[in-house]
Amino acid sequence: MWEYSEKVREHFFNPRNSGPLAEANGVGDVGSIQCGDALRLMLKVDPGTGVIEEARFQTFGCGSAIASSSALTEIVKGMTLEQALAVTNQDIANYLDGLPPEKMHCSVMGREALHAAIANYRGESWLDEHEEGALVCKCFAVDAVLIEDVVRANNLDTVEEVTFYTKAGGGCAACHEGIEEILAKVKAERPGPGEVSPPLRPGAPKPAAPRLTLVQRIKKIEEVLESIRPTLIRDNGDVELIEVQGRNIYVKLKGSCAGCMMEASTLGGIQQKLVEALGELVQVLPASHMPAAQA
């Protein structure tokens, strides 16, 4: 299971600067909903000083994507554009006290969105450099330019690490050979014996933890709820799992727990236990909040 820092949890459950920014004069869009993650970063830049006065985001993705986007907006506010361009994906991860290796691509997406937003403010086309690079991973639309950039910036060595940082290679695996070629090219450029080597990145990825299947995930959720039920029953209440939709877990509180003043606190306690048990960021919601078509 993945381990999340308290800062990741905090920025997921209480994201900063989320929502549209009407006064934005620099907007960067990266990713795609079809590929699982998408981010729009909006900046309000003072034309006279080049200082980022406001930054907001809208994202579609996992909890780490939300936390990384939230952290990025906090990092760049008050920076000049040149200072912001120096922000790395590792800076975003460090701000959050680290990300699980499998989620480092969320910090990379944030950095890409920042560069895209600054290019947009300057009237430049951020996509130009990427259009020059061949598409390597068709499953996640990742090109050679991005892979090379991330491999160099983070001193990556394996296909698995590239997948962690860019998602490339995480689908059909047909692009693994192409990724290996890029890794070999970048490794050949690195300093030889006796030369100064690039600094090692903090928090280098460890072997991926086994991921739960859908059946295992639901079983784990039910186990957690069963462990909680005796406490609720003692107070003449109960809880029932209704539906699992991605990171949203819908439950029905029964008896004295239904509609009581402590309902939000009860749901929050259940949510915390599920986050710890599943090793992922989830939200526990009352069944009444389910989309109408599925309720």
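FYI, it's all coordinate maths here, none of it is from the lab. Because the structure is a prediction, the values reported are computed rather than measured. Glycine gets a Cβ as well: all are built from the backbone with ideal geometry, and neighbour counts include every protein chain shown.
At 222 nm, what helix-only mean residue ellipticity would the chain give, in deg cm²/dmol to the nearest 500, using -39500 (n - 2.57) for each DSSP H run of four or more?
Computed ellipticity for the chain at 222 nm equals -13000 deg cm²/dmol.
Please arrange LEU232, LEU253 by counting, for each residue, the other beta carbons lying within 10 Å of its beta carbon, fewest first.
Details: LEU232 19, LEU253 22.
Lowest count first: LEU232, LEU253.
Name the aspartates and glutamates eligible as straight-distance cross-link partners of LYS254: C-alpha to C-alpha under 13 Å, and not fewer than 8 places from it in the same chain.
ASP235, ASP238, GLU240, GLU263
Where does each of LYS187, LYS273 land when they are ranked from fewest to most other beta-carbon atoms within 10 angstrom?
Ordered by Cβ neighbours within 10 Å, fewest first: LYS187, LYS273.
Any lysines with Cα under 20 Å of the LYS7 Cα? List them, leaving off those in the same chain fewer than 8 positions away.
Within reach: LYS77, LYS103, LYS273.
In what order do GLU148, GLU102 fall by count of nearby beta-carbon atoms within 10 Å, going from fewest to most?
GLU148, GLU102
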